[in-house]
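Right, one structure below, let's go through it.
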Amino acid sequence: MLVYFDPWMAGVVMPSLILVGLMAMPYIDRNPENSGFFSYKRRRLAISLFMFGWLVLWVMLIIVGTFLRGPNWNFFGPFEYWDIHKLEALTNVNFSEIIYIKWLNWGLPDSILLREIWGILVILGYFLILPPLLAKTVLKDMYARLG
């Protein structure tokens with residue numbers, strides 16, 4: 001992560017957020033029966049979330065960053081030859097290009113706000129509409145237990 005981000009973000013902020021999230025996981029399970037011991041049968045949610053955070057967000061990133069990197073910070077397979085002249089095509093596609101060019105068969109608008117409005121709406125929906133919607137439907141019981 002240090003190659004792609006500011007050192008403060010990649011070396012301090014993101015690992016701190018992962019660690020704080022891992023420390024908060026046992027407190028998500030508010031059932032008083034489960035206090036004082038850790039059995040998987042009674043603490044499935046807390047233990048599953050902790051293991052996901054530990055294995056996926058921490059251990060996997062260390063393994064990928066340590067063993068699957070080669071010269072110039074390129075990704076290489078475990079037994080792939082390390083070619084220092086390896087060039088990968090950058091295949092980033094903007095969300096506005098998907099909306100306007102692929103789906104609507106139009107050109108990109110000149111106005112920045114009109115061009116980026118779809119991405120702004122998706123982000124606002126993700127942060128402002130999805131959490132209350134999940135709290136009222138799928139995660140209703142968990143939301144009530146958390147207070």
Residues of the stretch 43-67 that turn out to be surrounded by 14 or more Cβ atoms within 10 Å (Cβ to Cβ) and among the charged types (D, E, K, R), as a count
1
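So is VAL59 farther than 29 Å from VAL122 by Cα, at pLDDT 80 or above and assigned to a helix (DSSP H, G or I) or not? Before you say what the answer is, go through the steps one by one.
Numbers: farther than 29 Å from VAL122 by Cα: yes; at pLDDT 80 or above: yes; assigned to a helix (DSSP H, G or I): yes.
Yes, satisfied.
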Please name all residue pairs, on different chains or six or more residues apart, with Cβ atoms under 8 Å, provided the first residue is in the stretch 3-14 and is of a type outside the set (Gly, Ala, Ser) and in a loop (DSSP other than H, G, I, E, B) and the second residue is surrounded by 11 or more Cβ atoms within 10 Å (Cβ to Cβ) and modelled with pLDDT of 85 or more.
PHE5/MET14
Of the residues GLY65, GLY21, which single one is in contact (Cβ under 8 Å) with a residue 40 or more places away in the chain, of a type outside the set (Val, Ile, Thr) and outside any loop (DSSP other than H, G, I, E, B)?
GLY65
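The values are calculated or read from the model by the stated rules, or taken from the named source; none is laboratory data. On a predicted model such as this, the values are computed, not experimentally measured, just so you know. No Cβ is skipped: glycine too gets one built from the backbone with ideal geometry, and neighbour counts run over all protein chains shown.
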